[in-house]
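The values are calculated or read from the model by the stated rules, or taken from the named source; none is laboratory data. What you see is a predicted model, and the numbers here were worked out from it, not measured in a lab. No Cβ is skipped: glycine too gets one built from the backbone with ideal geometry, and neighbour counts run over all protein chains shown. When the accessible area is computed, the model is the full protein with side chains, heavy atoms only, and any ligands, DNA or RNA have been set aside. Shrake-Rupley method; radii C 1.70, N 1.55, O 1.52, S 1.80 Å.
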Amino acid sequence: MKVHHVGYLVKRLARSEEAFRKVGFSVEQDVMYDNIRDVNISFMRNGDYCVELIEPASKTSPLYPLLK
């Protein structure tokens, strides 16, 4: 089985993108907003390795409590 990507829940999407850029990743597509989970999503790639950065857009996001 091949893993497509790994997801990371982050506090600040822009800061996390910058950290991944420093280790060779590049943004694969523009930031998307998921209104079901109230999150902003960014996909980044470095060769065959893909990561999904997930940032809660507000404190009402169901994922926000997981940042603690």
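Across the range 1-27, the qualifying residues are those that are farther than 19 Å from Pro56 by Cβ and β-branched (Val, Ile, Thr), and the one among them that is nearest to the chain's Cα centre (by Cα) is Val27. Here the condition is being within 16 Å of Gly7 (Cβ to Cβ), more than 10 Å from the chain's Cα centre (by Cα), surrounded by fewer than 17 Cβ atoms within 10 Å (Cβ to Cβ) and among the charged types (D, E, K, R); of Asp34, Asp48, Asp30, it holds for Asp34 alone.
Can you name the residue in the range 1-26 that is open to solvent by 60 Å² or more (accessible area, probe 1.4 Å) and within 10 Å of Val51 (Cβ to Cβ) and, of all such residues, is modelled with the highest pLDDT? In this case the residue turns out to be Tyr8.
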